[in-house]
1. So which residues in the stretch 182-206 are in a helix (DSSP H, G or I) and surrounded by fewer than 19 Cβ atoms within 10 Å (Cβ to Cβ)?
2. Do we find a residue being at pLDDT 95 or above, in a helix (DSSP H, G or I), of a type in the set (Gly, Ala, Ser) and closer than 28 Å to Lys60 by Cβ anywhere in the stretch 274-281?
3. Assigned to a loop (DSSP other than H, G, I, E, B), buried (at least 24 other Cβ atoms within 10 Å of the Cβ), more than 16 Å from the ligand (Cβ to nearest atom) and of a type outside the set (S, T, N, Q): is that true of Pro46 in this structure?
4. Would you say Ser118 is within 16 Å of the ligand (Cβ to nearest atom), outside the structural domain of Thr346 (by TED's automatic domain parsing) and of a type outside the set (Lys, Arg)?
5. If Val89 satisfies all but one of (1) over 17 Å from Thr166 (Cβ atoms); (2) of a type in the set (A, V, I, L, M); (3) away from the ligand (no atom under 16 Å from the Cβ), what's the number of the condition it fails?
6. Quick check: anything in the stretch 179-196 among the polar types (S, T, N, Q) and within 16 Å of the ligand (Cβ to nearest atom)?
7. Looking only at the stretch 246-255, decide whether some residue is within 14 Å of the chain's Cα centre (by Cα) and either farther than 30 Å from Met112 by Cα or part of a loop (DSSP other than H, G, I, E, B) (or both).
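The values are calculated or read from the model by the stated rules, or taken from the named source; none is laboratory data. This is a predicted model, so every value here is computed, not measured. Cβ: placed from backbone, ideal geometry, glycine included. Neighbour counts: every protein chain shown.
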Amino acid sequence: MNTKVSTTEKLTALLNDVREARDSFLGYPVSKDFNYEPLYEFLQYPINNLGDPFESSTYKVQTHEIEREVVDFFAKLFRANPKDYWGYVTNGGSESNLYGLYIAREMFPKAMVYYSESTHYSVKKNIHLLNIPSIVIRSQENGEIDYTDLEETLKFNRHKPAIVLTTHGTTMKEAKDDVSRVKSILRKLAIHDHYIHCDAALAGSYGAFATPRVPFDFVDGADSISISGHKFIGSPIPAGVIVTKRSLRDRVSKGISYIGSLDTTITGSRNGHSPLFLWYAIQKMGVEGLRARYEHSLEVAEYCKHELLKLGINAWTNPGSITVVLPKMPSEIKDKWQLATEENITHIICMPNVTKAQIDAFISDVEQVLPMQAELEEPAYY
Ligand SMILES: *Cc1c(COP(=O)(O)O)cnc(C)c1O
């Protein structure tokens, strides 16, 4: 048996499947419009960013300097104090959230965590891993945290330090919790021992450009912010960034002589290629390029919403969001366009690679199943 041929055949078939799947999805927040060809050569090296990117280490096949530049870029975008920030490139938004909660717990071991019903599933697991007591806060209809419920719940527990996990762009409706409002509730209740982690997986990369801008960054009151790198920026390998304050990191750092560095990150060995991809993308785009990507997405989202409304489908967006929320679709549409569905809604996420032509193709598919859609639609959820 010639195994070589079958390996090649298998790879070719797999490549075709992956390509085909990539070309028809509108339901997940993943950019596909990247070209990292100039970096391919780096795949031939065992790059490992083990240790703290801001400290020297014994292992030199690494991209720490590039990684620091990625952190610098986001720290600036999130208006961190230039003299007091720190961060690293993680394996994704989930690890970034774990890190934010980890630092928060180290600061306030007796704290309670508050997060809304619309919070990403990774957060519940992280809270469980860290064994922190928590309370779920109601969400408003648009997916944003219910500030009244938050205030009342905090008031009831005001003798305990508070960790509030806010979301800047919830998974289904891309709702954004107002960090300054959360901060002022904490102040009003005189809860001095508090920590705010902002999960900005998708929308953190463009939150600074939105008008009106929903408060979410360090100036607004966040203590740490996480994003996913493979979402709005785009990367062949899932990646994320966590940005926090250097002074907070110092509380969890331990020197490890074996690696000649500080053990401040969740994993030991760390992906050294991901920082390269993110760095290359932000070098190419710059802040203005990122803004242009956002504006394009916003325009396509508005277009998509209006086309759906024209068909009599109840589509809507949160202000400044690139996610169009609509009633759930029949399975042919859901499967073909890979639409994530929860309860009775689904969404189209207008990532930078999504074009009006793709929206037109989607709309024409929807038009054909309209009679079925009428049966599916449940009465007045929105
Ligand atoms: C995607 C997402 C996450 C998880 O990020 P990964 O990069 O998939 O680990 C966390 N929170 C929100 C709001 C997300 O959209």
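1. Listed by number, the residues that qualify are Lys183, Ser184, Arg187, Lys188.
2. Taking every residue of the stretch 274-281 in turn, at least one turns out to be at pLDDT 95 or above, in a helix (DSSP H, G or I), of a type in the set (Gly, Ala, Ser) and closer than 28 Å to Lys60 by Cβ.
3. In short, no.
4. Yes.
5. Looking at each condition in turn, Val89 falls short on (3).
6. Scanning the stretch 179-196 turns up no residue that is among the polar types (S, T, N, Q) and within 16 Å of the ligand (Cβ to nearest atom).
7. Checked the stretch 246-255: no residue is within 14 Å of the chain's Cα centre (by Cα) and either farther than 30 Å from Met112 by Cα or part of a loop (DSSP other than H, G, I, E, B) (or both).
Matching residues to (1) more than 25 Å from Leu77 (Cβ to Cβ); (2) of a type in the set (Gly, Ala, Ser):
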position: Met285; (1), (2): no, no
position: Glu288; (1), (2): no, no
position: Cys304; (1), (2): yes, no
position: Glu307; (1), (2): yes, no
position: Trp316; (1), (2): yes, no
position: Ile322; (1), (2): no, no
position: Val325; (1), (2): yes, no
position: Ser331; (1), (2): yes, yes
